[in-house]
1. Residue by residue through region 279-289, note down the ones that are in contact (Cβ under 8 Å) with a residue 12 or more places away in the chain and assigned to a helix (DSSP H, G or I).
2. Looking at (1) closer than 30 Å to residue 236 by Cα; (2) surrounded by 10 or more Cβ atoms within 10 Å (Cβ to Cβ), which one does residue 304 not meet, given that it meets all the others?
3. Mind listing just one residue for me: the one in region 342-380 that is in contact (Cβ under 8 Å) with a residue 24 or more places away in the chain and either over 24 Å from residue 291 (Cα atoms) or in contact with a helix residue (DSSP H, G or I) (Cβ under 9 Å, 6 or more places away or on another chain) (or both) and, of those, surrounded by the most Cβ atoms within 10 Å (Cβ to Cβ)?
4. Can you give me the number of residues within region 315-331 that are touching a strand residue (DSSP E or B) at 6+ places or on another chain (Cβ under 7 Å) and surrounded by fewer than 17 Cβ atoms within 10 Å (Cβ to Cβ)?
5. Considering each residue of region 133-168, count those that are modelled with pLDDT under 90, crowded, with 17+ Cβ neighbours inside 10 Å and part of a loop (DSSP other than H, G, I, E, B), and give that number.
6. Regarding residue 371, is this residue farther than 30 Å from residue 137 by Cα and not assigned by TED's automatic domain parsing to the domain that holds residue 141?
7. Return the pairs, sorted by first residue and then second, in which the second residue is part of a helix (DSSP H, G or I), the first residue lies in region 290-301 and is buried (at least 16 other Cβ atoms within 10 Å of the Cβ), the beta carbons are less than 9 Å apart, and the residues are 6+ apart or on different chains.
8. What's the number of the only condition in (1) more than 23 Å from residue 234 (Cβ to Cβ); (2) in contact with a strand residue (DSSP E or B) (Cβ under 7 Å, 6 or more places away or on another chain); (3) surrounded by fewer than 16 Cβ atoms within 10 Å (Cβ to Cβ) that residue 312 fails to meet?
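The values are calculated or read from the model by the stated rules, or taken from the named source; none is laboratory data. All values reported here derive from a predicted model rather than from experimental measurement. Every residue, glycine among them, receives a Cβ derived from its backbone with ideal geometry; neighbour counts consider all protein chains shown.
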């Protein structure tokens, strides 16, 4: 790869995404293309293998926030008029650093470079980079969410290449000094009294180039792999909760740590119970006479059913509370069970039932007396 390749290649086009695409969209596009173009999926297809290498190279840059920002910055500078290098003009190696002072001395951390004392040979060190986080969703049964469960989640994400161990080169290929930067890891251009420098795009700042890229990962050191992750869901977890599983995200680069897996919980509805916070609610139908006279009913809980007394004169929608029979909490306690009364009015009556109801009706005081008085008072 020459110094021209870095700016001439459109990594966004290689992945089929826009320049403003979020990291999640970039990762999704890469996974889709990697599955389609991987040599194992298309054995003997040289064109697909070359395309796979291009996609892998693009993702190696765009998946890392620092590399992506530097790539965007260099392309913008080139578009603004730079010619042969990221800074315009001719690239120079160690001999071209006439002043012993470069932009990396001021912005070493920004460019991902290890600063060294002035006058020493500049050398960029590739730092370990943390892998990206990934998202997943798991659906639990209502009772699983309350009691806790161990779930298996299938994820597809970049992992350490099993063939090259993350080195990016074939195990028997070895490495050579980078021809683009002369093995120093940076490209420089003298501008007036200042030497401006940028990380060498050919070797990523390492100063060395692999003898030949790993066939399995295309030289990125990672390949997309589908694997199962087991996670423990704590008792009492609620719908839409987000659980972090440390170290189960994308593999890191250059020996960096893996990212994390964030799992969003979805809880299936229950046929009897609904949940609000740590309390469970169950709706209990009662007859008109049970609501008038009072009664005792049996309602279910998460374990054994309980008996609840319905007071005489209970109104529709009244809620009775059973302490400690709700959802478990993180403190080892449980919420309450709320029993909502639903007074059911019969749709049909036998002649005898109707006679009895009419007899009762004649003895009751109208509950609308205040409305009737208002109507009478408002008439002219």
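1. We begin by selecting, within region 279-289, every residue in contact (Cβ under 8 Å) with a residue 12 or more places away in the chain; these are 279-288.
If the condition is that a residue be in contact (Cβ under 8 Å) with a residue 12 or more places away in the chain and assigned to a helix (DSSP H, G or I), then 288 is the only one that fits.
2. Among (1) closer than 30 Å to residue 236 by Cα; (2) surrounded by 10 or more Cβ atoms within 10 Å (Cβ to Cβ), residue 304 violates only (2).
3. Among them, the one singled out is 343.
4. Let us first name the residues in region 315-331 that are touching a strand residue (DSSP E or B) at 6+ places or on another chain (Cβ under 7 Å), namely 316-322, 324-328.
Checking which are surrounded by fewer than 17 Cβ atoms within 10 Å (Cβ to Cβ) leaves us with 316-319, 321, 324.
Summing the residues that are touching a strand residue (DSSP E or B) at 6+ places or on another chain (Cβ under 7 Å) and surrounded by fewer than 17 Cβ atoms within 10 Å (Cβ to Cβ) in region 315-331 gives 6.
5. So the count comes out to 5.
6. On the way: farther than 30 Å from residue 137 by Cα: yes; not assigned by TED's automatic domain parsing to the domain that holds residue 141: yes.
So residue 371 passes the test.
7. Final answer for the pair search is 295/289; 297/290.
8. That leaves (2) as the condition not met.
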